[in-house]
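A.B. asks: Once you've had a glance at the structure underneath, I'll fire off some questions.
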Amino acid sequence: KSFADCSICPLINELSCLLETNCEGNLNKVDIIFIAENPGKTEVEDLNPRPLIGKAGKTFRKQFEDFKLDKLNYLITNVVLCQTLVVKKKQDY
């Protein structure tokens, strides 16, 4: 079985955030791609789910703006598109 088939993954119904780009409709014009590991709780629970808006994302986005990378055609995504963090309840330990 292929690992690229999301429909067979047990995480298919979990929350996700796919990408953020300023090249809407034409990803062929992307100049730079940033790839994070996977979305955290902050990213998927936000009203506008997008990669790198949590604690690590705040650091990334400060540098992203300081170096004016937001002026380039960019795409920000994750290697893993769905939220894989399962929070265990206290009784599960």
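A.B. asks: Could you provide, to the nearest whole Å², the per residue accessible area of the chain with probe 1.4 Å?
C.D. replies: 78 Å²
A.B. asks: Here's something else I'd like to know. For the chain, evaluate the Debye formula with one uniform point scatterer on each Cα (no solvent term) and list log10 I(q)/I(0) at q = 0.12, 0.14, 0.24 Å⁻¹, rounded to two decimals.
C.D. replies: Each listed q maps to, in turn, -0.45, -0.59, -1.26.
A.B. asks: Against the longest alpha carbon principal axis of the chain, how many degrees, from 0 to 90 and to the nearest 10, is the axis of helix 55-66 turned?
C.D. replies: 10 degrees
A.B. asks: Another question, then. Using the Cβ atoms and a cut-off under 13 Å, what net charge is assigned to the surroundings of Glu65, where Lys and Arg are +1 and Asp and Glu are -1?
C.D. replies: Residues close to Glu65 contribute a combined charge of +3.
A.B. asks: Please give the length that would be gained between Val79 and Asn22 if that part of the chain were fully extended, namely 0.36 nm times their separation in residues minus their C-alpha to C-alpha distance (nm, one decimal).
C.D. replies: Answer, rounded to one decimal: 18.6 nm.
A.B. asks: Considering the options Ile33, Asn13, Ala56, tell which one lies farthest towards the positive end of the dipole of the chain, charges being +1 on Lys and Arg and -1 on Asp and Glu at the Cβ, about the Cα centre.
C.D. replies: Checking the options against the dipole of the chain, the answer is Ala56.
A.B. asks: Still on this structure, I have one more. Tell me which GluC sites (Glu not before Pro) from the range 15-44 have a DSSP coil assignment and no more than 16 other beta carbons within 10 Å of their own.
C.D. replies: When the GluC sites (Glu not before Pro) of the range 15-44 are filtered for loop state and at most 16 Cβ neighbours within 10 Å, Glu24, Glu37 remain.
A.B. asks: Grab the Cα-Cα distance for Asn48 and Arg61, subtract it from 0.36 nm times how many residues apart they are, and report the gain in nm with one decimal.
C.D. replies: Answer, rounded to one decimal: 3.1 nm.
A.B. asks: Further question on the same structure: Would you mind telling me the share, in percent, of accessible area of the chain contributed by carbon and sulfur at probe 1.4 angstrom?
C.D. replies: 56 percent
The values are calculated or read from the model by the stated rules, or taken from the named source; none is laboratory data. Keep in mind that this is a model prediction, so the values were computed, not measured. A quick note on method: Cβ atoms are made from the backbone with ideal geometry, for glycine too, and the neighbour counts reach across all protein chains shown. Accessible surface areas use protein heavy atoms only, side chains included; no ligands, DNA or RNA. Shrake-Rupley method; radii C 1.70, N 1.55, O 1.52, S 1.80 Å.
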